[in-house]
Amino acid sequence: MKKMIIFFTFAITSISQLDAKEELVEIPVEMQKNIDEQKNTQLGDHITKIIEEEGGMIAENESTRISNEEEKAIIEAESVKVKSIAKALAVKEEAIARAKKANALAEIEANKVTRVVKAEALATAEKKKSEAKLRVSKRKAKTEAQENRQKIMTVFKAELEASNKKLRLVIGSDNFNKIHKGSSTSIASESPKVNMQTTLLKEILPTDKIEFEKGNNTLTSKGKNSVAELAKVLKNRATIKIEIAGYTDSDGSNAYNKKLSQARVDMVKKVLITNHISPTRLIARGYGEAKPLVANTTEANKQKNRRVEIYITKS
């Protein structure tokens with residue numbers, strides 16, 4: 001805009017200078033008019049040219065300014081873009097780092113879980129092995145115990161048989177306190193639950209020597225005398241321990257006979273205790289109709305099966 005003002009000033013000054021020169025010569029009015037029109041036209045053309053030139057310069061300058069602004073904007077945009085990309089890359093790198101860290105932690109935890117699972121599996125396997133070994137050991141121990149028991153029973157039976165060949169005591173006879181030498185009977189091997197650690201004697205007490213009232217556990221007078229005689233023997237042999245075994249015939253139910261046999265041997269034990277025999281030396285067991293001596297087919301056979309037997313468990 002300053003350039004345009006300068007150009008206008010220059011143009012007016014030039015025209016004024018021409019006018020000053022022309023005033024020296026007197027010119028006709030018509031010619032002067034034409035000259036003035038020509039000057040005005042020239043001045044207008046000159047101004048138009050100046051304006052056009054100045055306008056072009058202004059336009060060029062504006063274009064340059066706009067270009068510079070655009071370039072600056074582009075540079076700023078590129079800068080923003082670069083910064084944005086850099087920031088995005090930084091965020092990405094940070095996210096990748098966090099993801100890697102998370103993956104590492106997850107892998108560590110997974111390894112821990114894997115180790116725990118393996119340890120549990122190993123422990124379970126070891127437990128199963130131990131249980132299997134324990135079962136095998138138990139079976140082996142049980143088998144060995146059974147074999148040992150069988151061996152002990154075999155030795156015991158042999159010893160018992162040898163002892164019974166030497167001694168047999170019949171309680172209630174006139175020779176009650178006398179030990180008779182003679183052969184043993186097959187009944188000796190039927191002694192229930194005897195002590196296997198000592199040589200035992202089976203002593204038989206016939207039913208008619210310890211008598212009870214029929215169907216109950218009340219001792220008859222004869223039965224009381226037999227128990228008293230037995231008490232004398234036990235007093236004279238203070239180390240002897242006995243089992244009092246009671247049996248019945250097959251009349252009545254098994255439960256009733258077992259209960260009756262137990263009641264009778266308990267009565268014998270009670271009388272012996274009354275006669276100052278220590279209860280620690282006495283075992284009373286009722287076996288009911290188990291182990292009959294003979295078949296319960298006749299009344300005579302049933303009478304034989306109704307009996308009380310004495311087993312020496314410690315001599």
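Every number in this text was worked out from the coordinates using simple rules, so none of it is lab data. Quick caveat: nothing in here was measured; it's all calculated off a predicted structure. In this analysis, Cβ positions are derived from the backbone assuming ideal geometry, glycine residues included, and neighbour counts consider all displayed protein chains.
How would 261, 315, 130 line up from fewest to most surrounding beta-carbon atoms within 10 angstrom?
Fewest-to-most Cβ neighbours within 10 Å comes out as 130, 315, 261.
Expressed as cubic angstrom per residue, what is the convex hull volume of the alpha carbon set of the stretch 90-166?
Details: hull volume 3.1 nm³, N = 77.
Taking the convex hull of the Cα positions in the stretch 90-166, it is 40 Å³ per residue.
In sequence order, what are the phi-derived ³J(HN,Hα) couplings for the stretch 81-87 according to the Karplus relation 6.51 cos²θ - 1.76 cosθ + 1.60 with θ = phi - 60°, rounded to whole Hz, with x for glycine and proline?
4, 4, 4, 4, 4, 4, 5
Each residue of the stretch 264-280 in order: what ³J(HN,Hα) in whole Hz does its phi give by Karplus 6.51 cos²θ - 1.76 cosθ + 1.60, θ = phi - 60°, with x for Gly and Pro?
Whole-Hz 3J(HN,Hα) from phi for the stretch 264-280: 5, 5, 5, 5, 4, 4, 4, 5, 4, 4, 4, 8, 6, 9, 4, x, 5.
Please arrange 265, 136, 308 by counting, for each residue, the other beta carbons lying within 10 Å of its beta carbon, fewest first. The partial results should precede the final answer.
Details: 265 24, 136 10, 308 28.
Arranged by neighbour count, lowest to highest, 265, 136, 308 become 136, 265, 308.
Using a 10 Å cut-off on Cβ atoms, rank the peptides 32-45, 108-121 from the highest mean neighbour count down. Provide the component values of the computation, followed by the final result.
Working: 32-45: 12.2, 108-121: 10.0.
Packing order, densest peptide first, comes out as 32-45, 108-121.
Below 8 Å between Cα atoms, with a sequence gap of 6+, how large is the relative contact order for the stretch 233-303 in percent? Walk me through the intermediate numbers first.
Numbers: 103 pairs, mean separation 29.4, N = 71.
So the answer I get is 41 percent.
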